[in-house]
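Written below as structure tokens is the structure these notes are about.
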Amino acid sequence: MPTIRSIDTIKATLLTPALTSYFDVEIGIPRGALGGKLNGILGGTVQQDRLNIMCSDATLPGSSLATLELTNDRHGVTEKHAYRRIFEDRIDLTFYVDANGYLPIKFFETWMSEIMNEDSADARNPNYFYRSKYPDEYMADQGLKIIKFERDHNRSIEYEFFRTFPLAINSMPVSYDGSSLLKCTVSMCYIRYILGKPSSPTTQQPAATIADQARNNSLPKTRSELRQELYPDGFGEAVRKENDLLRNGQSRSQLRKELYGEMGPRE
């Protein structure tokens, strides 16, 4: 039998969706000589933060489980047993390209060139060949993060990636047609990720159930609740304030209308 839900219950459940436009990206940098060269391109933490802000598109990663199929344990039953978690091999990040220094292009092109020990002068030689660095020299052990948060900045989840490096830079078409923003899409390779513990106010205090939220939204306020909102210092204090102001010659009804509008205290 289907579950019967009230409109208030549906509103309490569906009217707080997560929005895709609130996220932050942090780019990890490898250690050693390559990390020093990349930091030189960035020119400090301010420039690195600019690179992070330029990321306009990202993808929250996915994974799957590798399974073994068992057909002989039970008659007529086929089972699957998980034995390994399989991560996607890359994540795509898209960056706006600034007109001042083409920072995203310069940063990731340098990273990939250094992985292959590329020499721009010798690379013009027809017989030039590439020899790559060892993985520990060009991989960022950690530091690449995607943080998904909400408008109030109080709720978030964080994906952290390990052993990352740029695998590919997509081509960027340019044209004499109508101008548009130049974007650079980079595929970052990683071996695995972890999902940090979600940050939420509900983890610090007991959360009301959906039914409680719906019931609270639908209940009308009592007279005492309305008075508490109108007169936080107490009803008697409001009357004493009126008596002090009556010395100016105003009638009590005029004074109450000015102070409280139509919801003023009744005698």
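Taking region 2-18 as the region of interest, how many residues are under 16 Å from R155 (Cα atoms) and in contact (Cβ under 8 Å) with a residue 12 or more places away in the chain? Residues flagged as under 16 Å from R155 (Cα atoms) and in contact (Cβ under 8 Å) with a residue 12 or more places away in the chain within region 2-18 amount to 1. One residue is enough: does region 19-30 have a residue meeting the conditions of a type in the set (D, E, K, R), at pLDDT 90 or above and assigned to a strand (DSSP E or B)? Yes.
Look at region 53-76: where a residue is in the same structural domain as I146 (by TED's automatic domain parsing) and within 15 Å of I91 (Cα to Cα) and a partner is among the basic types (K, R) and part of a strand (DSSP E or B), sitting 6+ places away or on another chain with Cβ atoms under 6 Å, you get S63/R85.
Please enumerate the residues belonging to region 125-158 that are under 24 Å from G35 (Cα atoms), of a type in the set (K, R) and in a loop (DSSP other than H, G, I, E, B).
Taking region 125-158 and keeping what is under 24 Å from G35 (Cα atoms), we get 129-147, 158.
Among the residues that remain, those that are also of a type in the set (K, R) are: 131, 133, 145.
Across region 125-158, the qualifying residues are R131, K133.
Residue selection: D152 satisfies the criterion of being surrounded by fewer than 11 Cβ atoms within 10 Å (Cβ to Cβ) and without any contact (Cβ under 8 Å) to a residue 12 or more places away in the chain.
Scanning region 155-188 for residues that are surrounded by fewer than 11 Cβ atoms within 10 Å (Cβ to Cβ) and β-branched (V, I, T) yields one hit, V174.
Within region 126-140, identify whether any single residue is over 20 Å from R163 (Cα atoms), surrounded by 14 or more Cβ atoms within 10 Å (Cβ to Cβ), touching a strand residue (DSSP E or B) at 6+ places or on another chain (Cβ under 7 Å) and not polar (S, T, N, Q), and answer yes or no. No, there is no match, as no residue in region 126-140 is over 20 Å from R163 (Cα atoms), surrounded by 14 or more Cβ atoms within 10 Å (Cβ to Cβ), touching a strand residue (DSSP E or B) at 6+ places or on another chain (Cβ under 7 Å) and not polar (S, T, N, Q).
Could you pull out every one of the strands (runs of 3 or more DSSP E) wholly within region 54-124 that has 2 or more residues that are loosely packed, with under 13 Cβ neighbours inside 10 Å?
Working: elements: 55-57, 63-70, 79-87, 90-96.
Of the strands (runs of 3 or more DSSP E) lying wholly inside region 54-124, those with at least 2 residues that are loosely packed, with under 13 Cβ neighbours inside 10 Å span 63-70, 79-87.
The values are calculated or read from the model by the stated rules, or taken from the named source; none is laboratory data. Bear in mind the structure is a predicted one, so any value in this text is a computation, not a measurement. No Cβ is skipped: glycine too gets one built from the backbone with ideal geometry, and neighbour counts run over all protein chains shown.
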